[in-house]
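No value in this document is a laboratory result; all are computed from the given coordinates. Just so it is clear, the structure is predicted and the values come from calculations on it, not from any experiment. Neighbour counts are summed over all protein chains in view; Cβ atoms, including those assigned to glycine, are modelled from backbone coordinates with ideal geometry.
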Amino acid sequence: MATQLYLRPLDSNESKPIAGTEGATGPFFSPDGQWIGFFAGGKLKKVSVHGGSAVTLASAPTPGGVSWSSEGILALQGTTALGLQQVAQEGNTPHQLTQLGSGEFIHRWPEFLPGGQALLFAGSSSSISWNAAQIAVQPVGQALKSEDLPVSGGQAEKLPPTERKNLAQGTAPRYAASGHLLYAQAGTLMAAPFDAQRLALTGAAVPALEGVMQINSTGAAQYSVSSTGTLAFLPGGVTGSQTRMVWVSRSGEEQPLSAPQHTFQFPRVSPDGSRIAVTVSDQDSQIWVYDLSRNTLTRLTFEGSINITPAWSSDGSRVAFHSNRTDPANVYWQLADGSGGAERLTVSDYLPYASSFSPGGQLLAFIEQSPETNRDLWVLNLKNRRAAPFLKTSYEETAPKFSPDGKWLAYSSDESGRREIYVQPYPGPGGKWQISTDGGQEPAWNPKGGELFYRSGSKLMAVDVNQSRDREGAVVSGFTAGTPHMLFDGPYLPTSGSFPFYDVSPDGQRFLMLKPVESQASAPTQINVVLNWFEELKQKVPVK
């Protein structure tokens, strides 16, 4: 059943559906209360509280919170380097607002401070686990105003570097007009006195409210506070956003697997189709292997708290993955049957993530996150353990996937100002071909060849491709790609970064998708509202 937004005055028991918000998530009000913003279909949109058509503001494939300043600027999770971006309330090309720091993977949950001259946000070293996320505050220079941003045009220059402060460990920060910094930590709403002018805490944080619903895999915390002191929240605690693994046919017919529900991420089908390597992030993030014939789910990794992005070796004997078992995190691999220990493959200070083995098993494509060039494509030679960059530019290139013949690499890049799918010959030389036409992420090849898949919002897209080479492997007539066409559109979990949250069966006829589920026992049945909450908050956490 599709979701839809409803509007209910606090002095009434009647809720009315808002037309044009089918499939919406993450609603929020404009500062004047006249508009409601939301995410739907991979876009950031707004609709008037008085009705009318929804207006698209920007592309937003992965919701990660929004803050709407009184100056008409919206801050949201970026579609490029996963820092935060800004967009005018009239809609325009997003512009970079924050840049990832060393060891960071993503920024989410922005909150403009009064006047729009500084921004609170949460930064994490993992895209799927927010246990160790940091609350940060960053000045944005002079107050940004809506009219300062062009309505259209290319990608703007990044803002000059500004000083950033880490304030606390937690997620989903909010500034309360009572003079407090609020944030979620392990299902508890924390509060600390905060000087919005000096951008500094003036006292220790204390628990202000326990039992607030918090999603560990996304960092979301289900609470909101008004400028007049009204608090609204969903009761609960830390949950993992459980999903079910399902097979989906090319026509969209669904067949659930028998595996129990967990917080699954990054499912990968073994080359022979008998097993699935998948990240389970119920608490920390570990790699598990699901045997389809025996219906058994067996844990593979035990060291470190973040083990993600599994990749099968070409013969199916090993699984490579990103792990933080050492500092800094690197890529490891180990036998898929669980015997033996993990072996380190990369030596890097820049958060490498395993992505794809070549068909012969001698090469591993992975990404690195450089502070100078964002994310870049690298290839590791497993014979001599030497790694070399394949594509390193000022743009973000990610999710590299070897073609079934090993002659091409598909990847995602933001060089056009939004994420699109491209293909280049490996090891080169040669040009590149843009595959997607209206935004795209999560590339995956048909193992049988001749076809490339990707996701555009909630749609799974397919493109017929053809590659012609001579006996020596040189390109003869180039690479050709057909027109992208949709296979199906469904409520399947999108990527939290850019690596695919789905995979393709060996015969290319089915897709292993992740479908969100909600336990009826734990599903919230009410929204709790507390009036005049600031009075209680000031007693618990006095402000000087």
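Annotation for the stretch 342-430: trypsin sites (Lys or Arg not before Pro) lying in DSSP loop with at most 10 further Cβ atoms inside 10 Å of their Cβ are Lys383. With the simple model of a label 7 Å out from the Cα in the direction of the Cβ, Ser70 to Thr202 spans 1.9 nm.
Calculated FRET efficiency, Asn528 to Lys165, Cβ-Cβ distance, R0 = 25 Å: about 0.20 to the nearest 0.05. Calculated [222 nm] ellipticity per residue, helices only, for the chain: -500 deg cm²/dmol; basis is -39500 (n - 2.57) per DSSP H run with n ≥ 4, divided by all residues, nearest 500. Across the stretch 396-413, rounded Karplus estimates of 3J(HN,Hα) from the backbone phi angles (6.51 cos²θ - 1.76 cosθ + 1.60, θ = phi - 60°) give 9, 10, 7, 6, x, 9, 5, 5, x, 9, x, 9, 9, 10, 9, 7, 10, 9 Hz, Gly and Pro being marked x.
For the listed peptides 12-18, 363-369, a ranking on the average number of other beta carbons within 10 Å per residue, highest first, reads 363-369, 12-18. For the stretch 243-516, the tally of Lys pairs with Cα-Cα distances below 21 Å comes to 11, considering only residues 8 or more apart or on different chains.
Quick one: grab the alpha carbon gyration tensor of the stretch 17-112, order the square roots of its eigenvalues as a ≥ b ≥ c, and give me rounded if a/c is under 1.5, else prolate or oblate depending on whether a/b is larger than b/c.
Values: a/c = 2.22, a/b = 1.73, b/c = 1.28.
It comes out prolate by the Cα gyration axes.
Sites listed here are GluC sites (Glu not before Pro) in the stretch 379-422 whose DSSP assignment is loop and whose Cβ has at most 10 other Cβ atoms within 10 Å, and the list is empty. Length gained on full extension, Glu22 to Ser370: 121.4 nm, using 0.36 nm per residue less the C-alpha separation.
Once the chain from Gln362 to Phe29 is taken as fully extended at 0.36 nm per residue, the excess over their C-alpha distance is 114.6 nm. Calculated on C-alpha atoms, the gyration radius of the stretch 347-445 divided by its Kirkwood radius gives an Rg/Rh of 0.94. Across q = 0.16 Å⁻¹, the stretch 243-516 modelled as identical point scatterers on its alpha-carbon atoms has Debye log10 I(q)/I(0) values of -1.30, in the order of the q list. Each label was represented as a point 7 Å from its Cα along the Cα-to-Cβ direction; for Ser102 and Arg386 these points are 2.8 nm apart.
With charges set only on the Cβ (+1 for Lys and Arg, -1 for Asp and Glu), what does the dipole of the stretch 160-290 come to about its Cα centre, in debye to the nearest 20?
Values: 8 positive and 8 negative charges, 48 e Å.
The dipole of the stretch 160-290 has a size of about 240 debye.
Within the same chain, lysines fewer than 8 places from Lys544 are excluded, and of the rest, those with a Cα less than 26 Å from its Cα are Lys165.
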